[in-house]
Amino acid sequence: MIARLRPLRPYLARYKKRFVLGFAALVVTQAIGAMIPLVIKAGVDAISHHAGGEKLLIVGAVLVGAALVKAVFQFWMRWILIGISRDVEYDLRNDLFRHLEQLSPAYYTSTRTGDLMSKLTNDLNAVRNLVGPGIMYSANTVVVGLATIGLMLGLDWRLTLIVIAPLPLGSIVVRVFGRKIYERFEKIQAMYSELTERVRENLAGVKIVRAFCQEEAEEAEFDRMNKEFVEKNQRLIWITSFLWPALALLFALAFMLLMLVGGRHVLAGRITLGAFAAFNVYLMYLIWPIIALGWVTNLVERGLASLGRLMGIFDARPDIDDRDVPEHPIEAIRGEIEFRNLSFSYPPAQSSDGKPILKNINLHIPAGKTVAIVGATGSGKSSLASLVPRLYDAPPGTLFVDGVPVREIPLRTLRSHIGFVPQETFLFSQTVAENIKFGATDATAVEVERAAEIAHILPDVREFPKGFETMVGERGLTLSGGQKQRAAIARAVLRDPRILILDDAL
Ligand SMILES: Nc1ncnc2c1ncn2[C@@H]1O[C@H](COP(=O)(O)OP(=O)(O)O)[C@@H](O)[C@H]1O
Ligand SMILES: [Mg+2]
């Protein structure tokens, strides 16, 4: 298990000092907590010796004082230990996003976006639960368990052993049920994402559904899925409804043993009434650690599985990078492109058979020249275009820019000199200006306007309600297909590129 936790080490090490503080608060909290039954014992013994009210007053004051101090440290314990888990979550999420930003487009054609999203939400959450409650309650259980049982043994070891005998069963019950609950919960989650995906598709594809009169069929299918979802949830309620009463019964058994055996000890004068009272309180103290033991093991298991899945994302290496760039690479690009006997096929995982999409292409485009490539749908025009900015990698020695093998040009240099308008444009839910400035954030308003003019979208933008500040996308203005493409062209020309690639753009 320790080995599986290793990926978390660098993340946890950053917060070593706070961990120490948090654990210190935990120990103080539980030490005070463990003392409280002894105070109760003193109180009860005082009563049975018919002591004066003054002594009871002191006992009461000590109880309140102890509870107050305990409350303060308990607050710090949670605040620190659970707080760390949020910081770790923050670090991990940033690292994951940074990594995803590095991976090449090929990775995303072989990985389902939905899976990635669920890893970034559910799995990250499970890891946070492992780092926060998982660690805190593990430590808590150990400290409370040892302290409580230790003090109970000190009071009467035989009684202790009898009374706590049924308790491990509680941990087992929680663990077994917890696992079942988790399995069902996973199924419910999966069902839920199917359901939401169905809704999403119906909303996005509303025109198709209406045009083909598929409303009733869609409603029937939705009803079926919705029913299944509810039934799965109801099966989960069945288990959870069973768990708590089962635990309550188990603890009733322990308290019964305490009453029968402990009561006899009191009558025989082996222990005081106060000790008997203290035993009752200690037994109550044990309820939570016993439950936590079963619960935490599930939490940790789940967290470890999720951690493994997240680390799987980090295992995917960016396959297009600067590894072949020499020590002193070129810094500027004039824009000459040459394909030399290029054959290209997509990575085998994504193409059905790995057979070449492009075969023996020889093409020389001098800097500043315009070339149009015409061909049937699916003949490989977009594929050829995507090789130049290295969205996919051409085989070594087949693609040269300014006479330099393209892999020897730093990606940043190469791409910052290329204006690329893909066949399917993508605009972000931002303003028109922000969309055009994408990749050239320090461009001035005049430059943006000039780019819009070149792309023939300036008159359209002037008619938008807020001009360049109009929001685009679902929460803003819907652009026509042509307007979107022109915005994308403006984006490409704004950077004044040496190479301009227009894939099916007007
Ligand atoms: N990302 C990809 N992964 C695998 N195969 C692809 C990918 N993109 C395109 N293809 C395949 O490459 C071939 C050429 O596609 P494409 O270059 O888009 O053609 P065109 O732009 O000329 O219509 C098609 O058979 C298509 O199935
Ligand atoms: Mg195409």
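Each reported figure results from applying straightforward, stated rules to the coordinates on display, with no laboratory input. Here the structure is a predicted model, which is why all the values come from computation and not from measurement. Quick reminder, even Gly has a Cβ in these numbers, built from the backbone with ideal geometry, and neighbours come from all protein chains shown.
Kindly establish whether GLY375 is of a type outside the set (Ser, Thr, Tyr), within 13 Å of ligand 2 (Cβ to nearest atom) and either part of a strand (DSSP E or B) or touching a helix residue (DSSP H, G or I) at 6+ places or on another chain (Cβ under 6 Å) (or both).
Details: of a type outside the set (Ser, Thr, Tyr): yes; within 13 Å of ligand 2 (Cβ to nearest atom): yes; either part of a strand (DSSP E or B) or touching a helix residue (DSSP H, G or I) at 6+ places or on another chain (Cβ under 6 Å) (or both): yes.
So GLY375 passes the test.
Any chance region 458-475 includes a residue that's within 16 Å of ligand 1 (Cβ to nearest atom) and either touching a residue at least 12 places away in the same chain (Cβ under 8 Å) or among the β-branched types (Val, Ile, Thr) (or both)? Steps first, answer last, please.
Kept after step one, since they are within 16 Å of ligand 1 (Cβ to nearest atom), are these residues of region 458-475: none.
No, there is no match, as no residue in region 458-475 is within 16 Å of ligand 1 (Cβ to nearest atom) and either touching a residue at least 12 places away in the same chain (Cβ under 8 Å) or among the β-branched types (Val, Ile, Thr) (or both).
Can you tell me which residue among THR425, THR441 is in a loop (DSSP other than H, G, I, E, B) and within 16 Å of ligand 1 (Cβ to nearest atom)?
Details: THR441 fails: within 16 Å of ligand 1 (Cβ to nearest atom).
Testing whether each residue is in a loop (DSSP other than H, G, I, E, B) and within 16 Å of ligand 1 (Cβ to nearest atom) leaves just THR425.
Has region 448-462 got any residue that is surrounded by 19 or more Cβ atoms within 10 Å (Cβ to Cβ), within 16 Å of ligand 2 (Cβ to nearest atom) and within 22 Å of GLY368 (Cβ to Cβ)?
no
Determine which member of the set LEU169, LEU161, LEU130 is in a helix (DSSP H, G or I) and surrounded by 19 or more Cβ atoms within 10 Å (Cβ to Cβ). Lay out the reasoning, then the answer.
Working: LEU169 fails: surrounded by 19 or more Cβ atoms within 10 Å (Cβ to Cβ); LEU161 fails: surrounded by 19 or more Cβ atoms within 10 Å (Cβ to Cβ).
Selected residue: LEU130, the only one of LEU169, LEU161, LEU130 that is in a helix (DSSP H, G or I) and surrounded by 19 or more Cβ atoms within 10 Å (Cβ to Cβ).
If you check every pair at least six apart or on different chains, which have Cβ atoms under 6 Å apart with a residue in region 380-399 that is on the phi < 0 side of the Ramachandran plot and hydroxyl-bearing (Ser, Thr, Tyr) first and a residue that is part of a loop (DSSP other than H, G, I, E, B) and near ligand 2 (Cβ under 9 Å from one of its atoms) second?
Listed pairs, sorted by first residue: SER382/GLN423; SER382/ASP503.
Is one or more of the residues making up region 481-492 out of contact with any Asp or Glu (no Cβ under 6 Å at 6 or more places or on another chain), over 30 Å from ALA376 (Cα atoms) and away from ligand 2 (no atom under 16 Å from the Cβ)? Lay out the reasoning, then the answer.
So in region 481-492, the residues out of contact with any Asp or Glu (no Cβ under 6 Å at 6 or more places or on another chain) come out as 481-482, 484-492.
Now restrict to residues that are over 30 Å from ALA376 (Cα atoms): none.
The answer is no; no qualifying residue exists.
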